[in-house]
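Just so it is clear, none of the values below were taken in a lab; they were calculated from the coordinates. A quick note: this is a predicted structure, and the numbers were derived from the prediction, not measured. Neighbour counts are summed over all protein chains in view; Cβ atoms, including those assigned to glycine, are modelled from backbone coordinates with ideal geometry.
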Amino acid sequence: MAQLPERRLKEKQKEECSAAILQAALRLFAAKGLQEATMDEIAQAAGLGKGTIYYYFNSKETLIEELLCSLADQYFRNLLEGIEGLQTPLAIAEKIIANLLGHYQRQPELFHVIQMIITAPGGGPPRVRHVFATKHREWLARLRERAQEPVEAFGLSLESFVDFVATHAHGLLFWAVAGRNIEKLREESGRVLRAFLKS
């Protein structure tokens, strides 16, 4: 019986150590770049020995892949938070943009690293491209499902709405990473959304 709690404790410690490595890698990749940050620096930033990092991630490429796959999940999951129950296309679009810009303000490193991988020659490692594409398709499907009734009630094309919101959100991501003022982006985005959605 004592082995089960001990096993859970060890699993929890492994998860915490892996998360600490990924967070340290995120900060360093955002600050230095994917190629420039070294495993030694990541180990030091995580407060671990270099050998410990290699126990969890057998190469820097594996670490980058794991980090970026977890970032994709985090990025797309957060975009739709709180849109349930919103009754107008404008309210849905504004909430998605508020989620995006709010998340950027809380964790700009995540967005800098996402941009690095998306704009890398070839779009990054094949597994990362696959995960990003899959998460993006899942996000679009959830957006279609959650927005269908309010969008169609306003006489709008669901596909046009989804295409516009997705393109607008991803464009804002690049402007934010490029250093545009977030409040200014919020203002401009609100005007664009109201013009497109005629509200």
> Tell me, what is the FRET efficiency for A195 and D73 to the nearest 0.05, using R0 = 41 angstrom and their Cβ-Cβ distance as r?
Replying inline: 0.80
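So if we plug the beta-carbon distance of A178 and K14 into 1/(1 + (r/R0)^6) with R0 = 41 Å, what FRET efficiency do we get, rounded to 0.05?
Here the calculated transfer efficiency is 0.65.
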> Between R7 and Y54, what FRET efficiency follows from the Cβ-Cβ distance if R0 is 35 Å, with the result rounded to 0.05?
Replying inline: 0.90
>> Spelling out what I want: for every residue of the stretch 28-34, take phi, set θ = phi - 60°, compute 6.51 cos²θ - 1.76 cosθ + 1.60 (Karplus), and round to whole Hz; glycine and proline get x.
In response: 6, 4, 5, 7, 10, x, 5
>> Using DSSP to call loops (not H, G, I, E or B), can you name the GluC sites (Glu not before Pro) in the stretch 6-90 whose Cβ has at most 11 other Cβ atoms within 10 angstrom?
In response: E36, E84
> With each pseudo-label sitting 7 Å past Cα toward Cβ, what's the A120-E145 distance in nm, one decimal?
Replying inline: 3.1 nm
>> Within 10 Å, at most 15 other Cβ atoms, and a DSSP state outside H, G, I, E, B define an exposed site. Report the longest part of the chain free of exposed trypsin sites (Lys or Arg not before Pro).
In response: 1-179
> Under 20 Å from the Cα of K198, which lysines turn up, not counting those fewer than eight places away in the same chain?
Replying inline: K95
> If one takes the longest principal axis of the Cα atoms in the chain, at what angle in degrees, from 0 to 90 and to the nearest 10, does the Cα axis of helix 89-106 lie?
Replying inline: 30 degrees
>> Under 20 Å between alpha carbons, and skipping anything fewer than 8 positions from K32 in its own chain: which lysines qualify?
In response: K50, K60
> How large is ³J(HN,Hα), in whole Hz, for each residue of the stretch 128-137 in order, when computed from phi with the Karplus curve 6.51 cos²θ - 1.76 cosθ + 1.60 and θ = phi - 60°, using x for Gly and Pro?
Replying inline: 5, 4, 4, 5, 4, 5, 5, 4, 5, 4
> From the phi of every residue in the stretch 182-194, what ³J(HN,Hα) in whole Hz does the Karplus formula 6.51 cos²θ - 1.76 cosθ + 1.60 yield, where θ is phi - 60° and glycine or proline is x?
Replying inline: 5, 5, 5, 4, 4, 4, 4, 5, x, 5, 5, 4, 5
